[in-house]
Amino acid sequence: MADVHYIDHPLIKHKITMLRKESTGNMEFRKLVSEISMLMAYETLSDLPTRDEEIRTPIEETVQPVLDGKKPAVIPILRAGLGMVDGILALLPNAKVGHIGMFRDEETHKPHAYYCKLPPFIEDRLIMVVDPMLATGGSLCDAVDEIKKQGGRNIKCMCIIASPEGVKAFTERHPDVELYLGALDRCLNSDCYICPGLGDAGDRIFGTK
Ligand code: PRP
Ligand code: URA
């Protein structure tokens, strides 16, 4: 069974509530997605490896920790995942960024992949797959399938709001991948939207409705 981490922090909870409000406009929505992503990434990355480095302070020589290993890769699922990238790069400015394009068919609710470009040496990197919404789980499951097909092994996924149905589908399909969530909502409706959710994340980030 995959590890599911519910990030429990009053700042994240408050900002997710603001995000949900119908009255929150595109500009504020984008800012909140970015801030929540940064706060969630801080928790998600708490086990990043470090190594000791010899440095000199103004006072003396000392051995202190610095981040170790290959640069992580942040992989947003287009479109809505794009809104999460800036907040994460604020913490990891030299991370590589890949892209996976997916959209859900409005009738079948099944994901369709239309683009995939991952950074090189993906097998050696920590990979953070990001998408604000985990609804049926189809998009995230397929995105992780593709990343694994291309050699990715060390994968964490970060979603702001999830449904119980999506968590079940994802953890059954990818039991080896850790999942980090900002909120777990009640259920999906008949259009496979998360309830209470926040509506269509892509449209609210990009102002397309
Ligand atoms: C949304 C969201 C996820 C997906 C979640 O994207 O950003 O990628 O739906 O649904 P699922 O778990 O049922 O697959 P959408 O397909 O609306 O595309 P967009 O980001 O381009 O708006
Ligand atoms: N995609 C969204 O943007 N919102 C949902 O509630 C479900 C899928």
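Laboratory data are not the source of any read-out in this text; all were calculated from the coordinates shown. The structure presented is a predicted model; accordingly, all values stated were derived computationally and were not measured. Because the Cβ atoms are built from the backbone with ideal geometry, glycine has one as well, and the counts that use them run over all protein chains shown.
Annotations
- Peptides 167-178, 13-24 ordered by average Cβ neighbours within 10 Å, highest first: 167-178, 13-24
- Once C-alpha pairs closer than 8 Å and six or more residues apart are averaged by separation and normalised to the residue number of the chain, the relative contact order reads 25 percent.
- Scanning residues 5 or more positions from Ile75 or on other chains, those with amide H under 5 Å from its amide H are Gly98, Met128, Val129, Val130, with H placed 1.01 Å from N in the peptide plane.
- Theoretical ellipticity at 222 nm over the chain - DSSP helices of four or more residues, -39500 (n - 2.57) apiece, nearest 500: -10000 deg cm²/dmol
- Maximal additional length on extending the Glu22-Asp8 stretch stands at 2.7 nm, based on 0.36 nm per residue less the C-alpha distance.
- Shape call, the stretch 47-109: gyration tensor on alpha carbons, a/c limit 1.5: prolate
- GNM result for the chain, Cα springs below 10 Å: residue of Leu82, Leu181, Leu48 fluctuating most strongly: Leu48
- Charge dipole of the chain about the Cα centre (unit charges at C-beta), most positive-ward option of Tyr114, Val33, Thr136: Tyr114
- Net charge dipole size for the stretch 12-154 [Lys, Arg +1 and Asp, Glu -1 on Cβ; Debye, nearest 20]: 420 debye
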